[in-house]
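Chemist: Below are the structure tokens for one structure; questions will follow.
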Amino acid sequence: MQETFYIKVYGCQMNVYDAKNIIGTMERHGFVRTIDPKSADILILYTCNIRENAARKVFSAIGMLKSNRTKVVAIGGCVAQAEKEEIFKKSKIVNIVFGPHVYHKLPDYIHLILNGEQSKIIDVSIEKFNKFKETQDKNNNVSFSEFVTIQEGCDNFCSYCVVPYTRGREYSRAAKDIILDIKRLIANGTKEIILLGQNVNSYNGEAAYINIGASSNWKLDRLLYEIAGIDGIKRLRYTTSHPKDMTVDLMMAHAKITVLAPFAHVPIQSGSDRILKLMNRGYTAIEYLDKLKTFQTVCPSMQFSSDFIVGFPTETLEDFGATVQIANVVKYTVSYAFKYSRRDSTLASKMDGQIPEHEKESRLEVLQNSLSQHQISRNNSLIGQVQWVLFDKCGKRKNQYIGKNAYMQSVVVECETNLIGEFKDILIESAGMNSVYGKVL
Ligand code: SAH
Ligand code: SF4
Ligand code: F3S
């Protein structure tokens, strides 16, 4: 009889990409996916450790998902990498702990547990490129929009962040492997490619063609030009960028490549230079603003999104005010604001001056109000314009479809024919806080 597996995924887009490959590799090994945890022999939780509540959720979820049928519980991803053996202590029913670099070995580990050869397995080794063999030449249920990881890990060590400890040190995949992956995806119907990495704009991958020469590693802009030249690609994006690595060459690529969305996620985190220094971000608020200004000069249609952290240790009301001010200057199209979360092993967790929870909450509310105002006015400014939208899901109402324009704004339309996976020109007629509404032209 074939064993069934259920997978639950937390965290960022890189986890979504990994999870798709985990599903593909499990299916190639004869396991059958189920979306009902209670009918699964194997439970896989692919986890995120970025903030405390993300990590905490995992342990309560195990209890809710398991049933009499559960034979194997596997915890993978960033919590696995960060907590290692501790996971076995926190939850006795976990059999496998696997880090984000070794999911290609999961089917073998599951067999060892099912056959009774072992009862607990832990693998948190950092094997840099092996897991990507699970994408090469393999079609994991190819979709019209696909993530492709080009770079993983991070050397920046922002003082609040666990990523360098969970995803390890930064490395780039070879350009030729990325291009092969993307060519295969496009040949199978993908229209939009989203390049992923913790720090994509520090991409520095082995060149596509060996005979270019020894010192021919490619930067992100070179890779973008090459991908944009692949026949059939309709839209190209990348995320996340670090402000300090945003080069003029990359800005130029936005001006020159028509399929590259004129949009970049460039997280500022804080508007206070004192806090940015404590965060170890490597730029001042003015340097950040100058980069965005240059970007808009080079490519006038550019718009930006950002992440913010409020309540970083020692953040005063004045520091916080500088953050709100930056948000008001840039007028981001989309933004994500978070309360600072104290993470083990990070430098900031040991800093004095931790901010009380209720104070973080009230600052978050103030910032979010301000970010929402800009989001609404950006949405309003689309009224009367035609936007090119890729539809990716159904709305709540009958015949309602929701998609994204180049700037990641949600566009809602009603249409008799199925629009999922289609690009359409949409005339925007009205706008709300989270979406704009229009009709198909
Ligand atoms: N590499 C990306 C971000 C990855 S994490 C970058 O540098 O921009 C995504 C976001 O989570 C970060 O931008 C930050 O805003 C937030 N984040 C990371 N660690 C956090 C923490 N300890 N508390 C609250 N938010 C955090
Ligand atoms: Fe974390 Fe900073 Fe690296 Fe982003 S750049 S992943 S915030 S350490
Ligand atoms: Fe979370 Fe790991 Fe992504 S900590 S945000 S899943 S890199």
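The values are calculated or read from the model by the stated rules, or taken from the named source; none is laboratory data. Predicted, not measured: the structure shown is a model, and the values here were computed from it. As a convention, Cβ positions derive from the backbone with ideal geometry for all residues, glycine included, and neighbour counts pool all protein chains shown.
Chemist: For the stretch 52-109, enumerate the residues that are closer than 16 Å to Tyr6 by Cα and among the basic types (Lys, Arg).
Modeler: Passing the criteria: Lys66, Arg69, Lys71.
Chemist: In the stretch 44-61, which residues are in contact with a Gly (Cβ under 9 Å, 6 or more places away or on another chain) and either away from ligand 3 (no atom under 12 Å from the Cβ) or assigned to a strand (DSSP E or B) (or both)?
Modeler: Once the filter is applied, which keeps residues that are in contact with a Gly (Cβ under 9 Å, 6 or more places away or on another chain) and either away from ligand 3 (no atom under 12 Å from the Cβ) or assigned to a strand (DSSP E or B) (or both), the stretch 44-61 yields Ile44, Leu45, Tyr46, Thr47.
Chemist: Let me ask something additional. Quickly run through the stretch 1-16 and pick out the residues that are in a helix (DSSP H, G or I) and surrounded by 17 or more Cβ atoms within 10 Å (Cβ to Cβ). I'd like the intermediate steps shown before the answer.
Modeler: Quick first cut of the stretch 1-16, residues in a helix (DSSP H, G or I) only: 13-16.
Within the stretch 1-16, Met14, Asn15 qualify.
Chemist: Moving to a separate point now. Given the criterion surrounded by fewer than 16 Cβ atoms within 10 Å (Cβ to Cβ) and part of a strand (DSSP E or B), identify the matching residue among Tyr336, Tyr401. Walk me through how you get there before you give the answer.
Modeler: Values: Tyr401 fails: surrounded by fewer than 16 Cβ atoms within 10 Å (Cβ to Cβ).
Matching residue, one of Tyr336, Tyr401: Tyr336.
Chemist: Another question, if that's okay. Under the condition of being away from ligand 1 (no atom under 16 Å from the Cβ) and touching a helix residue (DSSP H, G or I) at 6+ places or on another chain (Cβ under 7 Å), which residue from the stretch 332-373 is nearest to Pro262 (Cα to Cα)?
Modeler: Applying the filter and picking the extreme gives Thr333.
Chemist: Within the stretch 219-331, which strands (runs of 3 or more DSSP E) (wholly inside it) include 3 or more residues that are assigned by TED's automatic domain parsing to the domain that holds Tyr160, on the phi > 0 side of the Ramachandran plot and more than 16 Å from ligand 1 (Cβ to nearest atom)?
Modeler: Numbers: elements: 235-239, 263-265, 303-310.
Result: empty, no element qualifies.
Chemist: Okay, moving on. For the structure I just gave you, tell me whether Tyr165 is within 16 Å of ligand 2 (Cβ to nearest atom), of a type outside the set (Asp, Glu), more than 27 Å from Phe423 (Cβ to Cβ) and assigned to a helix (DSSP H, G or I). So that I can check it myself, show each step before the final result.
Modeler: Values: within 16 Å of ligand 2 (Cβ to nearest atom): yes; of a type outside the set (Asp, Glu): yes; more than 27 Å from Phe423 (Cβ to Cβ): yes; assigned to a helix (DSSP H, G or I): yes.
In short, yes.
Chemist: Separate question: Give me the pairs, please: first residue somewhere in the stretch 353-375 and in contact (Cβ under 8 Å) with a residue 12 or more places away in the chain and in the same structural domain as Ser305 (by TED's automatic domain parsing), second residue anywhere and loosely packed, with under 12 Cβ neighbours inside 10 Å and outside any helix (DSSP H, G or I), beta-carbon distance under 7 Å, and either six or more positions apart or on two chains.
Modeler: Ser372/Met433; Gln375/Met433
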